[in-house]
Amino acid sequence: MVVYALLYLSLFFEVFVLLVFLERRHEISLTKKKVALPKNQLPFATVMIPVFNEEKTVVKTISSLLNLAYPKDKLEILVIDDGSTDNTQRVLAQYKNHPQIRLLSKKNGGKFTALNYGLQYAKGDIIGCLDADSYVEQDALLHIAAGFEDKETMAVIPAIKIGNAETILQHTQAVEYTLSIFIRKVFSWLGSVFVTPGPFSFFRKEVYELVGPYRHAHNTEDLEICLRMQEKHLKIVNAHDAVVYTISPRTLKTLYKQRVRWIYGFLRNMKDYYRSFFFRSQHGNLGFFILPISTISIYSAIYFGISLVINTAIKVWTRVGEYVATGFYFNIPSFDFNWFYINTSTPVIIGFAMIALVFCMLLAGLTIAKEKFRISRGLLFYTFVYGFIATYWLLSASIKALLAKKPAWR
Amino acid sequence: MKRIAWRTYIIAFVITSTIFALAFGLSNTLNQKRLEEIRSIESKIAVDILSIETQFSLLEDLSCSDIGSTFLSKELASIGSQLQFMERERDPNDPEFLNLKKYYSLLLIKDQLLTKQVAEKCNTDTITILYFYSNKEEDCEDCGKQGAVLTRLQELYPEVRVYPFDYYLDTPAVEALVSVHNVDPEFPALKIKNQNYYGLKTLTDLEELIPELEELKKAREDSPRQDEVEAGAAKLESATSTEEN
């Protein structure tokens with residue numbers, strides 16, 4: 001029964017987001033026209049780069065900001081060194097006299113303290129953050145600025161892509177990020193954005209007066225500040241043409257740490273905020289559906305992931321036992337197709353329907369990102385293997401969240 | 001106060017429910033088709049058995065070369081694996097499925113008796129294994145392995161006839177078979193040449209228990225392989241045609 005309930009909810013979520021996409025897909029092409037704001041209407045923008053031991057990536061991040069197609073006199077860059085212990089300070093010294101860049105330094109206290117420190121110096125009408133492991137496309141800020149044309153908009157979030165896909169794990173994350181582009185757009189249409197991601201999300205400066213500064217928030221300050229904005233019904237939109245590239249984890253170990261931190265942060269923040277949001281109609285779709293289903297989906301993924309791992313382990317164990325009894329042998333597999341032996345149980349059929357809908361979501365994500373579909377090793381790995389691996393960090397993060405055991409940042 | 005997209009939720013509810021209903025319907029239809037397929041093979045085997053029995057009764061003096069092998073074991077094995085698949089994938093206590101399984105057991109018993117009769121009449125030495133298993137996990141942890149061993153045994157020695165029976169299948173014929181062969185409820189249980197064996201028997205164990213298997217292996221190694229025979233025949237034919245030309 002639990003299986004069917006979880007399958008129903010998961011399928012419902014997929015159908016729902018795809019329906020929203022179909023209803024509003026015409027708006028995707030409309031945003032292009034909004035970019036051409038006259039120079040005098042462009043807001044003064046501050047970009048804060050919190051830095052901690054980022055000697056290898058920070059130059060690329062700053063260079064991409066300096067190359068932005070945005071008036072130089074309307075862009076200020078604050079680099080806040082959060083007590084780096086490597087060569088970051090020396091690397092940053094080259095920008096000491098740059099007219100657009102201001103170098104700030106403080107004792108290490110965590111990303112949120114660096115951002116709050118930077119806020120004291122920020123002069124922009126809109127203030128954004130860019131993680132030092134990310135870089136932006138030339139017209140990204142123009143698209144972000146266009147999002148603020150609507151006076152009610154208080155924050156604009158970008159589309160994030162993987163900037164360094166080399167390993168199979170990074171290619172797999174690229175597929176995942178394409179899906180996130182789709183989800184972020186749909187959530188934006190539903191007024192249900194619940195994360196203003198670290199790379200290149202912008203806020204009107206009043207936001208910090210209305211909701212206060214960044215908080216530690218279980219190492220996910222970008223999620224928590226967004227929830228505070230949603231509490232006050234501040235409008236957050238997604239500028240899908242504002243493209244930011246992020247350096248993704250190369251190894252399983254670093255990916256695991258990143259994901260545990262994200263999921264742990266999400267679950268702990270849900271614990272802190274669920275009373276304000278869950279099933280509260282004043283928060284619209286976010287409270288009624290998006291936050292509850294996002295929480296349930298984590299446990300649902302753990303449930304299905306563990307079932308998958310256990311079933312696979314049992315099959316392998318059984319096979320090993322059979323080989324012990326019969327002696328090892330190898331039969332060339334017969335390619336005689338007999339439909340009789342295809343598993344056509346209801347959960348399997350629904351599972352296939354869900355995979356088909358995920359592919360539709362992926363295609364929608366590619367449409368939004370203006371990319372073409374191709375069968376890559378990342379896609380194959382995402383479809384057949386990623387679920388097994390993801391279970392590991394979902395489970396680990398959930399246990400840590402339950403025990404309130406804070407995961408390491410890196 | 002934010003707007004809730006009620007209309008979209010309702011449409012999504014209808015679509016999701018429809019997909020669910022279709023999945024249930026499709027799964028059910030395919031299961032019914034599977035049962036029909038088993039049923040049709042079973043009735044074909046029943047006709048075949050009846051035909052051989054009749055042949056056997058009518059023509060007492062029929063020569064052994066005319067009787068040959070019944071060739072039913074292969075088809076019975078195919079149903080066996082189909083039933084095994086269904087037992088795994090759907091409720092093994094489903095009455096319709098149980099009926100088919102009972103019928104299958106009857107066919108197995110019939111085939112086994114017929115094989116025995118043919119062996120006696122033609123004075124051939126057929127190796128027959130009766131295999132009693134239980135579907136209760138707590139009763140028989142090794143039944144899966146024993147099944148794999150017997151399947152492998154038949155792959156290696158197609159002459160061996162294996163007849164699997166669910167010990168607890170509620171049908172008088174199987175109960176009678178259990179009683180006739182004096183099989184205790186200890187699983188897996190094998191009846192080989194009037195001797196009962198309990199517990200997992202590996203392939204090596206079976207090869208030791210049935211020395212005839214070694215002879216079968218030797219005979220196969222000594223006789224030319226079928227493909228070699230065919231190749232030789234083709235060579236001969238081509239040589240003959242060249243000579244004729």
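Since every read-out is calculated from the coordinates, none of them should be taken as a lab result. Please read all numbers here as calculations on a predicted model, not as lab measurements. Backbone-built Cβ (ideal geometry, glycine too); neighbour counts: all protein chains shown.
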Within the range B:92-195, pairs of Lys residues whose Cα atoms are less than 19 angstrom apart, provided they are eight or more positions apart or on distinct chains, add up to 12
For the A:K232, A:L9 Cβ pair and Förster radius 25 Å, calculated FRET efficiency rounded to 0.05 is 0.30
Scoring the range B:82-232 by relative contact order with C-alpha pairs under 8 Å, at least six apart, yields a percentage of 23
The protein assembly as shown: antiparallel bridges as % of DSSP beta bridges, rounded to 5, reads 35
Note to self, the protein assembly as shown gives a 222 nm [θ] from helices alone (DSSP H runs n ≥ 4, -39500 (n - 2.57) apiece, / all residues, nearest 500) of -19000 deg cm²/dmol
For A:Y382, B:Y9, ascending order of other Cβ atoms within 10 Å (fewest first) is B:Y9, A:Y382
Straight-line reach check, A:K39, cutoff 28 Å on alpha carbons, 8 or more apart in-chain or any other chain, hits among lysines -> A:K60, A:K72, A:K74, A:K96, A:K123, A:K151, A:K161, A:K185, A:K205, A:K235, A:K370
Going residue by residue through the range B:124-137, the Karplus relation 6.51 cos²θ - 1.76 cosθ + 1.60 with θ = phi - 60° gives ³J(HN,Hα) values, rounded to whole Hz and with x marking Gly or Pro, of 9, 10, 8, 8, 10, 10, 9, 10, 10, 10, 10, 7, 7, 3
Ordered by fewest other Cβ atoms within 10 Å, a rough proxy for footprinting exposure, A:R268, A:R377, A:R215 read A:R377, A:R215, A:R268
Label model pair B:C122, B:L30: point-to-point distance (7 angstrom along the Cα→beta-carbon line) in nm is 4.1
Partner shielding of A:278-289, taken as the mean number of other chain Cβ atoms within 10 Å, equals 3
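With a/c under 1.5 counting as rounded, go ahead and sort the range A:327-410 into rounded, prolate or oblate using the C-alpha gyration tensor (a ≥ b ≥ c being the square roots of the eigenvalues; past the cut-off, prolate if a/b is larger than b/c, else oblate).
oblate
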Spelling it out for A:M48: with amide H atoms placed in the peptide plane at 1.01 Å from N, the residues 5 or more places away or on another chain with amide H under 5 Å from its amide H are A:L78, A:G128, A:C129, A:L130
Burial-style ranking of A:111-117, B:132-138, average other-beta-carbon count within 10 Å with highest first, yields A:111-117, B:132-138
Between B:E175 and B:D139, Cβ-based FRET efficiency (R0 25 Å, step 0.05) works out to 0.90
Non-local residues with an amide H under 5 Å from the amide H of B:F165, with H modelled 1.01 Å from N and Pro and chain starts lacking one, are B:Y131, B:F132, B:Y133
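If you take the square roots of the eigenvalues of the alpha-carbon gyration tensor of the range A:47-182 and sort them as a ≥ b ≥ c, do you get rounded (a/c under 1.5), prolate (a/b over b/c) or oblate? Mind showing how you got there, number by number?
Details: a/c = 1.64, a/b = 1.10, b/c = 1.49.
It comes out oblate by the Cα gyration axes.
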Any helix of chain A counts here only if DSSP assigns it H throughout, its Cα atoms span 30 Å or more along the axis, and its mean Kyte-Doolittle hydropathy is at least 0.5, and such helices are A:2-24, A:291-326, A:346-369
The size of the Cβ-based charge dipole (Lys, Arg +1; Asp, Glu -1) of the range B:127-224 about the Cα centre, to the nearest 20 debye, is 300
Relative contact order in percent for chain A (Cα pairs under 8 Å, 6+ apart) equals 20
Here the range B:162-171 yields Karplus 3J(HN,Hα) values (6.51, -1.76, 1.60; θ = phi - 60°; whole Hz; Gly and Pro given as x) of 10, 10, x, 10, 6, 4, 9, 5, 6, 8
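What's the ranking of B:186-194, B:17-25, B:214-222 by average number of surrounding C-beta atoms within 10 Å, highest first? Don't skip to the end; give the middle numbers.
Working: B:186-194: 18.6, B:17-25: 15.1, B:214-222: 11.0.
Ranking, from highest mean packing down: B:186-194, B:17-25, B:214-222.
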